[in-house]
Amino acid sequence: MNLVEIISKIDLDAEWFGLREYKENTTYHVIRDKNPLSNETSIDHGIMVEVLKNGQFGYCATSDLSLSGIQRAATTAQESALRASKYSVFSFESNVRPKSKGEYLTPLELPFDSLSAGEINDILMKANDWLLNDSRIMSVSAMAMLVETTINYACSNGSDIHQKINIVGSDYSATAKNGQIIQTRTDGRSGNQMGLERFNQDLVREKCNKVSSQVIELIEAEQCPTGEMSLVLAPDQMMLQIHESIGHPLEIDRILGDERNYAGWSFVQLEDFGKLQYGSDLMNVTFDPTISNEMASYGFDDGGFKASKEHLIKDGVLLRGLGALESQERSEVPAVANFRSCSWNRAPIDRMANLNLEAGDSSFEDIISSVEYGVYMETNRSWSIDDYRNKFQFGSEYGKLIENGKITKTLRDPNYRAITVPFWNSLSKVGDESTFEVHGTPNCGKGEPNQVIRVGHASPICLFDNIQVFGGA
Amino acid sequence: MKEYFFNISEKVINTLSNDEHLTISINGENSEFIRINNAKVRQIGTVADASMGMELIKNNRKVQISFTIQRDMEKDYKIIIDYLDTMRKNIVSLPEDPLCVLPENHGSLDEEYTGHLLNPKESVDALLPVMSGVDLIGIWASGDVFVGNTNSAGQKNWFSTETFSLDYSLINPLKKMVKETYAGTHWDQNDYESFINSSKEKLSMLNEKSRKIKPGSYRTYIASAGVSDLIDMFSWGGVSENSIRKGRSSFIKMRDEGKSLSPCFSLKEDFSSGTVPRFNSNGEISDIELPLIIDGALKNTLISTRTANEYNLSTNFASQGEYLRSPVMKEGLVEEQDILKELNTGVYLSNLHYLNWSDQLGGRVTGMTRYACFWVEDGEIISPIDDMRFDDTIYNFFGDKLESVTSKSRLNPSVGTYGGRNLGGVHCPGIILKSFELTL
């Protein structure tokens, strides 16, 4: 479809209008307990028409891709905007949809057609065999996720953007039983922008061997101790920690109250920007949609705003929020390019994209050797936080006890709870580049109507002091 | 859409060879959404979305595809045939699936519920004026939702309904909130305005300054909306037979260790309200009722036909994910007007928030209190409380610590819209607990 040509044929009397065509092919291959559970592809394809009339945006999402269908959608969106304009939260101007032209492509080593569905199934079947290496393992699963997203965007102001994003995710999991103790270990169900190089057999085998050996460790392990102690978090737990206790509270639409009926509000106030000591001076957090293999990299957000790396928190001080151009107009907090929607049938809102904790200067050995008594945790398995993003409780799949500067034993069911700002101010060591990992999750929920979107979080290993740690039921 | 779906499906099924088995499904909606903040419009729009799905089985191999349709018979048929050809090419390279479920004809269902909805041209002016004077935030969703499936064995199912919902919160200057949902199938402007005005009156109960309470065990009342969130957890590694068998369920203690819940707790699947389709995505039709937990004892789990094949069990035609579709919890004896008296001194929780298993195998759930929650002394509400984190097990709050259940059950409508507007909800009463663990 040539959206620029369609734009020229749409008949509307509006301040601005735009078309966003979204086509996404998502394929899941899953082999569970050596039986194929899923070989499923979904193809989501449609157009969202947005119209600005009398300072109010209205939208209409349609899968009718004919010119007449798009014209009908545009007229409907304009009528909605006009009706709502006398009750608008804010009267916008067209500057919140800047004129932009450009493209973005995920760099790939191995394209998606380099392996057939049958070949991917073969690898996943082998993964099941590698995972099933102990009689106490009762269930295993291997999953491959392939996503190819094409977003074309054109507007009445001359914008013309083309983006093609490839994401590959995988997971290898095993559940084992020892008497009444049952434990599950996974590979974290993470994903990245990349090609099918993720399914290199040596790499898959290495991941499966780690999962299957650690699940056996877990069913023989002690329960995580209870008490106030040092806490060391691996990057695949930091992913969740960053997401819930930095990302969501810094969303400007949330601070402005748009989310109060659903995900909640925020403890952060607009006047906190530039002042709040969010964490210790080791804490440096960036919004960075430019890292090539991170899950939520892109060239432009869904409002046509060009993406760039920005510091949100520098030396522990809160500088900037996660708000795009609409939120910038409403809040006067400088914007980042995070106006995103999950598909053609949802309107963009402020979202996380790639939100990262920058590396520090401590090696893994430095961090562990500095701990007198504490727990190291890998891979998130439980998460809950209040609607202001203060009181959280998170749990991990795999723990290690640290005693007198050394890792001594494996622990099962490790959990911790804390309050956001005191927690980040207890950050006492940040791992260096050698501990830095890039992770991502496809499952961030927000918005009304609801949207689930992909986000990336990269982080080094981190040490926090005096945290409430505890075990299972 | 029903005629369109069955006509196009018939054409597609007629192209199959004898060794090909096909299930075709459709899901869609025509919805108006209005997002409201501070009793004003934040976003407004309409969504016309429909997708079809096909599951092809041949020689014990299975492949699935779903795709957005344009609702144009000629264009869509061409797309479907192209996808079917792709599936035929791919299926030969896939491994055999000994557990795959061949389509059968279990009989057909056809349910269409017609409502009387607000015309989208009138919705803004009908909804907004009565909200004036308060900080109201929420989401209006209105329109029709349809689900259907058919298969090469001849089964045909259809369900469509026209519904609306305004899910909203009212917020006072102390940032205390009242949560409500006004939902139905037939719009009544006077009833709606009365409902909103009643919410405004409830908000005035939250004008007292909040009390901070310390972590610990408290006598607790959890209202129906909160109980509904707790029951929802059973759909996520709870009542699924497959989850139990694969070591990922909070119900394993009931199955393997002889644990039980309180004699006051009974739960069933009950489709008699007609708010959700009784057929699953395979087209299999569940019984009207399926008792799950009776007087605290686990009687049945949700068993899909695939799980039945895997473990040599009888299916009860659960969904593929074996989640609750129409749960109903049995009422108890405590009358609404006696709740505060029965609670005596403790906490009154109207809503919970962001629940997750903190130890799934142990049945332990963590989450937050939210919205209108109060400290109660000697049967009287004293003040709102600050939000607290809880962390407790189903074997406590639906087990040993469950003292009594209220006599009035309500439907907590499912207003979620991930992937499309949800249907149905959880029908449940409130519960009074001897103790509940508040931890932070």
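The values are calculated or read from the model by the stated rules, or taken from the named source; none is laboratory data. Model, not experiment: these values are computed from the prediction. Cβ: placed from backbone, ideal geometry, glycine included. Neighbour counts: every protein chain shown.
Among the residues of the range B:28-45, are any surrounded by 19 or more Cβ atoms within 10 Å (Cβ to Cβ), of a type outside the set (S, T, Y) and over 27 Å from B:T417 (Cα atoms)? No, because not a single residue in the range B:28-45 is surrounded by 19 or more Cβ atoms within 10 Å (Cβ to Cβ), of a type outside the set (S, T, Y) and over 27 Å from B:T417 (Cα atoms). The condition of being of a type in the set (S, T, N, Q), surrounded by 24 or more Cβ atoms within 10 Å (Cβ to Cβ) and more than 10 Å from chain B (Cβ to nearest Cβ) holds for only one of A:S362, A:S396, A:S370, that being A:S396. Does B:D85 count as within 8 Å of chain A (Cβ to nearest Cβ), more than 28 Å from A:L52 (Cβ to Cβ) and surrounded by fewer than 18 Cβ atoms within 10 Å (Cβ to Cβ)? When the stated conditions are applied, B:D85 does not pass them.
Every residue in the range B:158-177 that is aliphatic (A, V, I, L, M) and either more than 17 Å from the chain's Cα centre (by Cα) or away from chain A (no Cβ under 12 Å) (or both), please. Once the filter is applied, which keeps residues that are aliphatic (A, V, I, L, M) and either more than 17 Å from the chain's Cα centre (by Cα) or away from chain A (no Cβ under 12 Å) (or both), the range B:158-177 yields B:L170, B:I171, B:L174, B:M177. Taken over the range A:171-219, residues that are acidic (D, E) and more than 13 Å from A:A142 (Cα to Cα) amount to 4. If you check A:N35 against the conditions, is it facing chain B (nearest Cβ under 9 Å), polar (S, T, N, Q) and out of contact with any helix residue (DSSP H, G or I) (no Cβ under 6 Å at 6 or more places or on another chain)? Answer is yes for this residue.
Against the definition (β-branched (V, I, T), within 13 Å of another protein chain (Cβ to nearest Cβ), buried (at least 18 other Cβ atoms within 10 Å of the Cβ) and under 25 Å from B:I252 (Cα atoms)), how does B:T393 come out, yes or no? So B:T393 fits the description; yes. Flag not set for A:Y59, criterion: buried (at least 21 other Cβ atoms within 10 Å of the Cβ) and free of Cβ contacts under 8 Å to residues at least 24 places away in the same chain. Among residues of the range A:151-178 being small (G, A, S) and within 11 Å of another protein chain (Cβ to nearest Cβ), the one that is farthest from A:A296 (Cα to Cα) is A:A176.
Within the range B:101-117, being of a type in the set (A, V, I, L, M), in contact with a strand residue (DSSP E or B) (Cβ under 6 Å, 6 or more places away or on another chain) and assigned to a loop (DSSP other than H, G, I, E, B) holds for B:L102, B:L117. Somewhere in the range B:208-222, is a residue within 12 Å of chain A (Cβ to nearest Cβ), surrounded by 15 or more Cβ atoms within 10 Å (Cβ to Cβ) and touching a Ser or Thr at 6+ places or on another chain (Cβ under 9 Å)? No, the range B:208-222 has no match at all. Residue count for the range B:252-275 under the criterion of being free of Cβ contacts under 8 Å to residues at least 60 places away in the same chain and of a type in the set (F, W, Y): the result is 1. Take the conditions (1) among the basic types (K, R); (2) under 29 Å from A:K164 (Cβ atoms); (3) without any contact (Cβ under 8 Å) to a residue 40 or more places away in the chain; A:K314 misses just one of them, which is (2). The set of residues in the range B:114-133 being in contact with a Ser or Thr (Cβ under 8 Å, 6 or more places away or on another chain) and within 14 Å of another protein chain (Cβ to nearest Cβ) consists of B:L118, B:P120, B:S123.
Reported count of residues in the range A:82-98, each being touching a Leu at 6+ places or on another chain (Cβ under 7 Å) and either without any contact (Cβ under 8 Å) to a residue 40 or more places away in the chain or within 14 Å of B:V124 (Cβ to Cβ) (or both), is 1. With respect to the conditions (1) in contact (Cβ under 8 Å) with a residue 12 or more places away in the chain; (2) assigned to a helix (DSSP H, G or I); (3) more than 8 Å from chain B (Cβ to nearest Cβ), A:E5 falls short on a single one, namely (1). Scanning the range A:122-136 turns up no residue that is assigned to a strand (DSSP E or B) and touching a strand residue (DSSP E or B) at 6+ places or on another chain (Cβ under 7 Å).
With a requirement of 2 or more residues that are in the same structural domain as B:T275 (by TED's automatic domain parsing) and farther than 29 Å from B:F33 by Cβ, the strands (runs of 3 or more DSSP E) lying completely within the range B:347-440 that satisfy it span B:364-377, B:380-384, B:389-393, B:402-405, B:431-438.
Among the candidates A:I47, A:I70, the residue that is among the β-branched types (V, I, T), in a strand (DSSP E or B), buried (at least 17 other Cβ atoms within 10 Å of the Cβ) and within 12 Å of chain B (Cβ to nearest Cβ) is uniquely A:I47. If you check B:R88, B:R71 for being at pLDDT below 95 and either over 30 Å from the mean Cα position of the chain (by Cα) or not in a strand (DSSP E or B) (or both), only one passes: B:R71.
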